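Chemist: Here it is, the structure, as structure tokens.
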Amino acid sequence: MSREKLTKLKNWYAKESTMGWVFILPLLLYFIVFQLAPMLLSFGISFTSWNLRSPAEFVGFENYKNLLFDSVNYPDFWPSLWITLKYIVFSLPGGIFIALVLAAMLNANVKGEGFFKTAYYIPNITAMVAVAAMWIFLLDPKYGLVSQLFDIDQSWLGSKSTALPTLGIMAIWSALGYNVLILLTTMKGIPDELYESATIDGANAWQKFTKVTLPMIQPTIFFLIVTGLIAAFQVFDQMYLMTGGGPDGATQTYMLSLYNHAFRYFEMGTASAMSYILLIIILIITWVNFKFIPQRFDD
């Protein structure tokens, strides 16, 4: 390549590179100002005792130690984590299973597929305040549609035994459309040749689903498990709007407890420490998922 062509190529590359930086600069500034800087600031605050009114006092790892080991002064840390885990059990497996069944049904070229996809997805794009208000109305023990249909005088959100499972059912309903569309899109991308080969080999519908469809969509299922776990650990809106953590702390999830420490008790250092403990928990669980779940699918 001649020196003149090399110079032109370098100038073109420099121009393209400059334009690239110009286009990504707004997003980069947004990330630095509104995400990276607050993350670093909250990390520093987690090593202090600060109530927003007086100057912050450096306490080292005291906040982390108190949360993990001082159950007398911080009695809500471990229970809130346990409640969050129970909420995940109530919402995530059932949600993915139901979405898988519905996606398989829609993949069978049913009539009105567009209508069903729209109907399933509407809850996912509806504001959580509106969703919470609707579910509170439906679950009203006296005048709610659920009580009227089944003739049951039951306070679904006011009972310790039913409040968390009820919120789990609501979470399944809210995320159903997203999960169905993701799974259905993946199923639509499976080559027809695989099903034709299975038909020639004498496979029935169930065998096609278990031997062709499931193996082909396993990365998508894994994606939904990982993202669903991350979202479930950060659940806050439903509990804050519908139960406030009640009754008697039965729905006080980890994020709601973090919110209380920050904006009710004004313990900003403790709240910041809780956020980084949650970060570590999510990182560990995500690593475990990446380490073991694909192997189980392969088996």
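Chemist: Given the conditions (1) on the phi < 0 side of the Ramachandran plot; (2) surrounded by fewer than 17 Cβ atoms within 10 Å (Cβ to Cβ), and given that residue 187 satisfies all but one, which numbered condition is not satisfied?
Modeler: Against the list (1) on the phi < 0 side of the Ramachandran plot; (2) surrounded by fewer than 17 Cβ atoms within 10 Å (Cβ to Cβ), residue 187 comes up short only on (2).
Chemist: Based on what the data block shows, is residue 129 surrounded by 12 or more Cβ atoms within 10 Å (Cβ to Cβ), part of a helix (DSSP H, G or I) and in the same structural domain as residue 238 (by TED's automatic domain parsing)?
Modeler: No.
Chemist: So which residues in the stretch 232-242 are of a type in the set (A, V, I, L, M), crowded, with 16+ Cβ neighbours inside 10 Å and in a helix (DSSP H, G or I)?
Modeler: 232, 239, 242
Chemist: For the condition under 22 Å from residue 61 (Cα atoms) and in a helix (DSSP H, G or I), what is the one hit in 228, 269?
Modeler: Result: 269 is the single residue among 228, 269 that is under 22 Å from residue 61 (Cα atoms) and in a helix (DSSP H, G or I).
Chemist: Here's something else I'd like to know. Among the residues of the stretch 115-124, is there at least one that is polar (S, T, N, Q), free of Cβ contacts under 8 Å to residues at least 24 places away in the same chain, surrounded by fewer than 19 Cβ atoms within 10 Å (Cβ to Cβ) and not assigned by TED's automatic domain parsing to the domain that holds residue 208?
Modeler: No - not one qualifying residue is present in the stretch 115-124.
Chemist: Related question: When the stretch 69-88 is examined, which residues are found to be in contact (Cβ under 8 Å) with a residue 24 or more places away in the chain and not aromatic (Phe, Trp, Tyr)?
Modeler: Passing the criteria: 76, 79, 80, 81, 83, 84, 86, 88.
Chemist: Do we have residue 25 as without any contact (Cβ under 8 Å) to a residue 24 or more places away in the chain and within 23 Å of residue 231 (Cα to Cα) here?
Modeler: Spelling it out, it is not the case that residue 25 is without any contact (Cβ under 8 Å) to a residue 24 or more places away in the chain and within 23 Å of residue 231 (Cα to Cα).
Chemist: Still on this structure, I have one more. With the requirement that a residue be over 24 Å from residue 237 (Cα atoms) and under 21 Å from the mean Cα position of the chain (by Cα), what does the stretch 113-164 give you?
Modeler: Result: 117, single match.
Chemist: Tally up the residues in the stretch 66-86 that are under 16 Å from residue 227 (Cα atoms) and either out of contact with any Phe, Trp or Tyr (no Cβ under 6 Å at 6 or more places or on another chain) or among the hydrophobic types (A, V, I, L, M, F, W, C) (or both), please.
Modeler: The number of residues fulfilling the criteria is 1.
Chemist: What's the number of the only condition in (1) buried (at least 19 other Cβ atoms within 10 Å of the Cβ); (2) out of contact with any Asp or Glu (no Cβ under 6 Å at 6 or more places or on another chain); (3) at pLDDT 90 or above; (4) under 20 Å from residue 89 (Cβ atoms) that residue 162 fails to meet?
Modeler: All conditions pass for residue 162, except number (1).
Chemist: Test residue 89 against the stated conditions and say whether it is among the aliphatic types (A, V, I, L, M) and touching a Phe, Trp or Tyr at 6+ places or on another chain (Cβ under 7 Å).
Modeler: no
Chemist: Further question on the same structure: Which residues, taken from the stretch 41-53, are in a helix (DSSP H, G or I) and surrounded by fewer than 19 Cβ atoms within 10 Å (Cβ to Cβ)?
Modeler: Answer for the stretch 41-53, where residues must be in a helix (DSSP H, G or I) and surrounded by fewer than 19 Cβ atoms within 10 Å (Cβ to Cβ): 41, 42, 43, 44.
Chemist: Let me ask another. Out of all the residues in the stretch 54-71, which are among the acidic types (Asp, Glu) and not in a helix (DSSP H, G or I)?
Modeler: 57, 70
Chemist: Need the failing condition index for residue 63 against (1) surrounded by 12 or more Cβ atoms within 10 Å (Cβ to Cβ); (2) in the same structural domain as residue 158 (by TED's automatic domain parsing), just the number.
Modeler: Of (1) surrounded by 12 or more Cβ atoms within 10 Å (Cβ to Cβ); (2) in the same structural domain as residue 158 (by TED's automatic domain parsing), only one is false for residue 63: (2).
The values are calculated or read from the model by the stated rules, or taken from the named source; none is laboratory data. Fair warning: this is a prediction, and the values are worked out from it, not measured in the lab. Neighbour counts run over all protein chains shown; Cβ positions are idealised from the backbone, glycine included.
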